[in-house]
1. Pull up segment A:168-189, narrow it to residues that are out of contact with any strand residue (DSSP E or B) (no Cβ under 9 Å at 6 or more places or on another chain) and of a type outside the set (Gly, Ala, Ser), then point me to the one that is farthest from the other protein chains (Cβ to nearest Cβ).
2. Given the structure, is A:ARG154 open to solvent by 40 Å² or more (accessible area, probe 1.4 Å) and touching a strand residue (DSSP E or B) at 6+ places or on another chain (Cβ under 8 Å)?
3. Before we move on, is A:PHE290 of a type in the set (Phe, Trp, Tyr) and within 12 Å of another protein chain (Cβ to nearest Cβ)?
4. Within the group B:VAL64, B:VAL90, B:VAL19, B:VAL80, which residue is in contact with a Phe, Trp or Tyr (Cβ under 6 Å, 6 or more places away or on another chain), over 21 Å from B:ILE148 (Cβ atoms) and not aromatic (Phe, Trp, Tyr)?
5. Here is a check on your reading of the model: is B:LEU137 part of a helix (DSSP H, G or I), at pLDDT below 85 and either among the hydrophobic types (A, V, I, L, M, F, W, C) or in contact with a strand residue (DSSP E or B) (Cβ under 8 Å, 6 or more places away or on another chain) (or both)?
6. Identify all residues within segment B:221-270 that are touching a helix residue (DSSP H, G or I) at 6+ places or on another chain (Cβ under 7 Å), hydroxyl-bearing (Ser, Thr, Tyr) and in a loop (DSSP other than H, G, I, E, B); write none if there are none.
7. Determine if segment A:143-160 includes at least one residue that is touching a Pro at 6+ places or on another chain (Cβ under 7 Å) and at negative phi.
Amino acid sequence: MTPVISGPTGKELLNAGVKTSVDEACLPVKVFLGHCLTLRNRCDCFLVPRLVNINRKDYICPKFMGLPEMTKQAVGKQPLVIWKSEKNCALGSPQAVPAALRQGFSARRIKKGLQKAEAAFHTYHRLLQQGLFPAEAEQVLGGGAPPAREKNGRRIGLIGHPYCLYDPFLNLGTVNLLHRYGFAVLTPEYFPPRQIEDELQILAKPLFWTMSQRIFGAFRLLCKEKVDGIVYLSAFACGPEALTGELVKREAKALGLPLLHLVLDEHSGEAGLVTRIEAFIDLLQRKRRFSCV
Amino acid sequence: MEDGVYLGVDVGSVSTNLVVMEPGGRISKKVYLRTEGNPIASVQKAFREVAPEFAGVKVLGVGVTGSGRQLIGAITGADVIKNEITAQGVAALQAYPEVRTVLEIGGQDSKIILIENGVAVDFGMNTVCAAGTGSFLDQQAHRLNLSIAEFGQIALRSKNPVRIAGRCSVFAESDMIHKQQMGHSLEDIVAGLCAALVRNYLNNVAKGKEIRPPVLFQGGVAANAGIKRAFEQELGHQVMVPEYYDTMGAWGCALLAQEERAAYGKSRFRGFQLTEEEIRVSGFECVDCPNRCEVVEVKIDQRPLAGWGDRCGKWQRINAEATG
């Protein structure tokens, strides 16, 4: 069995995804379906996980729960294997591995394979916690050298769902733009999960969504890190973000921390997005320059 | 102080403005033209208007802003290409150093800039919807058979403005027709429209922002006395309109060109002859990768001058070789 992986997001892919998905789907789901469609003629079967929760008391967004069904709708007749957790066994446990993938492998090999995958997952996340971006971490995992990072430069926080932050097509190259202006960019993946959890204690009531927790926790940590400002990228029509966005906005206002909230949309209004980011960076730079004088 | 002038150009969707500024910030000439969908021709026209007077004067720096800033920046050889928000904010601070809130309403977009201790600290901008902008007023004035210039004065005559739904310009239009059929007077409807625009602006662009005096109101729509009064009624304090309310963006980028003069030294300005050049812009879809970027290429007298629109930077590199 050979895994086939889709390439980077592009205009054609997005258009294909938008065309096949239901109206209510958010932009990232449309992108996901676009990726599936580009693979349609290159693979025999799709493997899609059903993510419900990864922690005991919080949930991944419901769109993820429906991802296998939406994929089925999009790819048509092609067979679909769903990787899902069963009662009393987590997604990563050997019992959860779908039967279609188990064929021809002993229980021992399956267990070993899972352990290897988990180890790679942890190594990858350790690299992200050193401030690397996913593409850079992949390079390092493949044997490349880690990129040099300036330690004492100006820093900006970038928060949002990982699929918005790390897809340069979706966010119109926001990360590159910030780097070009000489900012080091810190994202939620920079912080160890335990630190993020500690930050959530101040909430009167726990947040329902795992991703919202990570965004809010990372936001608080970024404030403590004394970054110059924070950019919040959210996807158009994202339900959980309507709430998290408001929480973050209020907190930023109370702290007097510059915050730019950008909503990503399929209409790719690049000019508008770039104008806002440029104006935000000017604001940070002028603030620094004139308050030093 | 060095002899010469700074030029500021603001190329918006509706109007194109050019200011000639003396070192220090005084405006010696301003030109306000309609863009009419052709930014290049309107900029050439604007330069033609100032050329006779200033052709012999040394240009110390050029700043451009507005949605067409990249295009016009390439054509004029601008030293500073800035976004509209920064430019508007800088001009507002020059006009009133103590200003704390800037309301700006232009043709297609509107903004709010919050200022503390002489530095912008926050801003807001309208999203894709143009319901709270000048084009909304333009449309409604047209429907009422009024020129946009009369609009404000008529609104001021109203004693009892009617309430018009302002959330969306489509709703506003049907609501307005309904009020007309009910027999409300023209001035009450016009004043109602002004109030609707202001409500829309405050609920969208300025949502969640604290508006503290002194408040400055600028942009093309600031000419409309009806809107100014509606703002004052809604906010409960005085709203000031600066002298150069319609060319604040152009002035702001001229000021920025002056501020950053030390960084670029000699101006890259291509000279007033740019009004006579044949400038062609062509667009094509680059098919080298699945991104399918829409690339724009500018040619002056058939020489390629600049290109942009690509995500990978390939066409921008060619641009640097051609000019540098």
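The values are calculated or read from the model by the stated rules, or taken from the named source; none is laboratory data. Just so it is clear, the model here is predicted, and its values are computed rather than measured. Quick reminder, even Gly has a Cβ in these numbers, built from the backbone with ideal geometry, and neighbours come from all protein chains shown. Accessible surface is based on the protein model in full, side chains and every heavy atom, while ligands, DNA and RNA are left aside. Shrake-Rupley method; radii C 1.70, N 1.55, O 1.52, S 1.80 Å.
1. Restricting to residues being out of contact with any strand residue (DSSP E or B) (no Cβ under 9 Å at 6 or more places or on another chain) and of a type outside the set (Gly, Ala, Ser), the top hit is A:GLU189.
2. On the way: open to solvent by 40 Å² or more (accessible area, probe 1.4 Å): yes; touching a strand residue (DSSP E or B) at 6+ places or on another chain (Cβ under 8 Å): yes.
So A:ARG154 fits the description; yes.
3. Working: of a type in the set (Phe, Trp, Tyr): yes; within 12 Å of another protein chain (Cβ to nearest Cβ): yes.
Considered against the rule, which asks whether it is of a type in the set (Phe, Trp, Tyr) and within 12 Å of another protein chain (Cβ to nearest Cβ), A:PHE290 comes out as yes.
4. Numbers: B:VAL64 fails: in contact with a Phe, Trp or Tyr (Cβ under 6 Å, 6 or more places away or on another chain); B:VAL90 fails: in contact with a Phe, Trp or Tyr (Cβ under 6 Å, 6 or more places away or on another chain); B:VAL80 fails: in contact with a Phe, Trp or Tyr (Cβ under 6 Å, 6 or more places away or on another chain).
Going through B:VAL64, B:VAL90, B:VAL19, B:VAL80 in turn, the sole match is B:VAL19.
5. Details: part of a helix (DSSP H, G or I): yes; at pLDDT below 85: yes; either among the hydrophobic types (A, V, I, L, M, F, W, C) or in contact with a strand residue (DSSP E or B) (Cβ under 8 Å, 6 or more places away or on another chain) (or both): yes.
Here the answer is yes, as B:LEU137 does meet what is asked.
6. Scanning segment B:221-270 gives a single hit, B:TYR244.
7. Step one: list which residues in segment A:143-160 are touching a Pro at 6+ places or on another chain (Cβ under 7 Å), which gives A:159.
Those left that are additionally at negative phi: A:159.
Yes, there is a match, as at least one residue in segment A:143-160 is touching a Pro at 6+ places or on another chain (Cβ under 7 Å) and at negative phi.
Here's the yes/no breakdown for (1) at positive phi; (2) buried (at least 22 other Cβ atoms within 10 Å of the Cβ); (3) within 14 Å of chain A (Cβ to nearest Cβ):
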{"residue": "B:LYS159", "(1), (2), (3)": "no, no, no"}
{"residue": "B:ALA172", "(1), (2), (3)": "no, yes, no"}
{"residue": "B:GLY183", "(1), (2), (3)": "yes, no, no"}
{"residue": "B:GLU187", "(1), (2), (3)": "no, no, no"}
{"residue": "B:LEU193", "(1), (2), (3)": "no, yes, no"}
{"residue": "B:LEU197", "(1), (2), (3)": "no, yes, no"}
